[in-house]
Ligand code: GLC
């Protein structure tokens, strides 16, 4: 059959011939047969998924992987169901399939959009080689709360950086041609505001105003839609009393209406059925009706659509036109993927054998990993290590950990496939290395509920580590949180170094002052003590497959770190939610300048600001900013600044531009990131950096969600961190 029809013909022809049951089938997604990523609905064993496949009652499957496995299921649907509409296979390819990049929060720290795009393109290439058409990524939930385990999956606290990263990742996954066999459909998730879960507790209530919703939570999704994202996933949370899965304002008015999104919306796992638990739907039929009416086109694994939609349409409760719209969107994405031309395009066993975990990928993820590392502190220029003649003790639970650096959102990647820190350092043979773990972080290997397994008693290896530190010129401490302590379902109220690590650091510092902390983590941690006592701190996140090599590249000075924090590090977890783009309040400072004056917005026991703020990151060189000039010409604000590399090594700097709208009809943040430029500046040289900011970008969304620019005085700040003091003021009409 000639498949060269225009897409409209293929899709409309199919819709005109589909039965009501087959339409519902396209809106139904089942998980694979062994690997759920959420709670399975009751009665799961009662259904015969194979029978449903043959009857055209399944439009998509997730958690199926492998050219052979996907081919066998696709064959059933294409050859045995009445219309042979191909399945679309989805999978959580969050930061790679088997060859892993750094966790997304780490990638965001690179502020390098081309590197991030390449990383996503690599993930798409590897995923499509195992039959996957669609990834449930990028996650773009802005979050201001390090207690939330899923901060590791997003791009941090800022909507502008989050928007740039979202667009780069969508373009990486989808490429220029979605029908190409090495690109996959992306999915902007979770729509919307899931990262504002109260108290940072996963799946918890979200209650934010429209000003925050429109200015902070939604921009990354708009950027993803503008970048052509093929799908959107809604979410588990309620937003201001309405489950987002059943929220027509979000899905129909904003996403599909105002933004013109023409892809499809998939529910999150069981989020349709969970509207009953939320108390928003009375039963399955009510949940199905509310979800499809609100703009949810496909249901992931709670079976409300497949069990109820047909009857709802036959009883005149749901208009069949809603199903036609959903099916049109789903079939269009399948068509754009080329699945109607060749349903087996992604089922190539030979390609799978050649392209999965291919050695050629390693340099891409190693480069991404290096760029994600953030130098938080470097007193006495302890870093980089000299390459010869030093005796270096390497201590901590992560010195030979080949799994934690992979993070926990890596369903298809195999344990023990990360290059360890030890493996990364050993090739530097002119250094005398001593490796002593000093402690195990867990009392047993990879367990699902980690917090109960953290080692809080076994100090038996402390003495050997302390002796190693005593005898060394420098100590590298590989410490932090375990790879399975962040991601979905892993919120924590205690974000200090888990277990006995703090104790060991204090013992080490008693015998050696030249200590460098290599901080492994999926989230900002409370490292206040270390920031005051450890001379150097390198944030090495969870860097993926090439972790050990990338850390060694930076520690040994082969790569000069340039990462900047996408999320501030707190002074105490009690500061949460913590964010740099906060409002001024009516009492921002101690106006009386007397010590016991308390009537201003502060804590009595910790400063208001972050320990290490958004945008912070050092280099092995230093940069100085001068000659900031701003002027308005027509509808563009021209900003110019001179940046000098005042050190003796070449380096890269992320030059950040913030604004402050001094007076507006809704209060505006004390500073907002509006642009950045990552530039390489040779030692001793200067660059003049220019930004052209459209006047409209100085605007904001008001309480009705309407965008507006209001003339007046604006401040413009430029620097290498959000706490930059370089500032100038301009009236913009
Ligand atoms: C999970 C996550 C979602 C993921 C989906 C499929 O519960 O919330 O991000 O894509 O289910 O695994």
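Quick notes on this structure:
- The percentage of C-alpha pairs in segment 396-446 whose separation is greater than 14 Å is 58%.
- DSSP assigns beta bridges within the chain; of those with both partners inside it, close to 55 percent run antiparallel.
- The C-alpha atoms of the chain define a longest principal axis, and helix 159-174 lies at about 50 degrees to it.
- The chain gives an Rg/Rh value of 0.98, both radii derived from C-alpha positions and Rh following Kirkwood.
- Fewest neighbouring Cβ atoms within 10 Å first, the residues 520, 95 line up as 520, 95.
- Annotation: average projected area of segment 326-369 is 4.9 square nanometres, based on the convex hull of Cα atoms across all directions.
- The residues 409, 600, when put in order of fewest to most other Cβ atoms within 10 Å, stand as 600, 409.
- The Cα-based radius of gyration and maximum Cα-Cα distance (Dmax) for segment 211-264 are 10.8, 30 Å.
- Size of segment 623-732 from its Cα atoms: along the principal axes, largest to smallest, the extents are 51, 25, 18 Å.
- A Förster distance of 41 Å, applied to the separation of the beta-carbon atoms of residue 311 and residue 677, puts the FRET efficiency at 0.10.
- D by Stokes-Einstein for segment 90-354, Kirkwood Rh over Cα pairs, 10 °C, 1.306 mPa s: 86 µm²/s.
- Extent along the principal axes, Cα only, for segment 363-555: 44, 40, 26 Å, with the longest axis given first.
- Convex hull volume per residue for segment 20-89, taking Cα atoms only, in Å³: 84 Å³
- Report note on the peptides 116-123, 585-592: ranked by the mean count of other C-beta atoms within 10 Å, highest first, their order is 116-123, 585-592.
- Remark: C-alpha extents of segment 431-500 on the principal axes read 42, 22, 20 Å, sorted largest to smallest.
- Each helix, a run of at least 4 DSSP H residues, gives -39500 (n - 2.57); summed and divided by the residues of the chain, these come to -7500 deg cm²/dmol at 222 nm.
- The residue 622 and residue 688 beta-carbon pair, evaluated with R₀ = 30 Å, returns a calculated FRET efficiency of approximately 0.95.
- Helix 284-294 and the longest principal axis of the Cα set of the chain meet at an angle near 70°.
- Stokes-Einstein D in µm²/s, Kirkwood radius over Cα pairs - segment 319-425 at 25 °C with 0.890 mPa s viscosity: 127 µm²/s
- Segment 564-708 gives an Rg/Rh value of 1.02, both radii derived from C-alpha positions and Rh following Kirkwood.
- Segment 158-273: proportion of alpha-carbon pairs further apart than 19 angstrom, %: 44 percent
- Seen from a random direction on average, the alpha-carbon convex hull of segment 95-210 projects onto 7.3 square nanometres.
- As a rough footprinting exposure proxy, the listed residues 451, 42 were ranked by other beta carbons within 10 Å of their own, and the order from fewest upward is 42, 451.
- Relative to the longest principal axis of the Cα atoms of the chain, the long axis of helix 67-80 makes an angle of roughly 20 degrees.
Quick note: the coordinates plus some simple rules give every number you see, no bench work behind them. Since we're looking at a predicted model, the values are computed, not measured. Ideal geometry is used to build each Cβ from the backbone, glycine not excepted, and the neighbour counts take in all protein chains shown.
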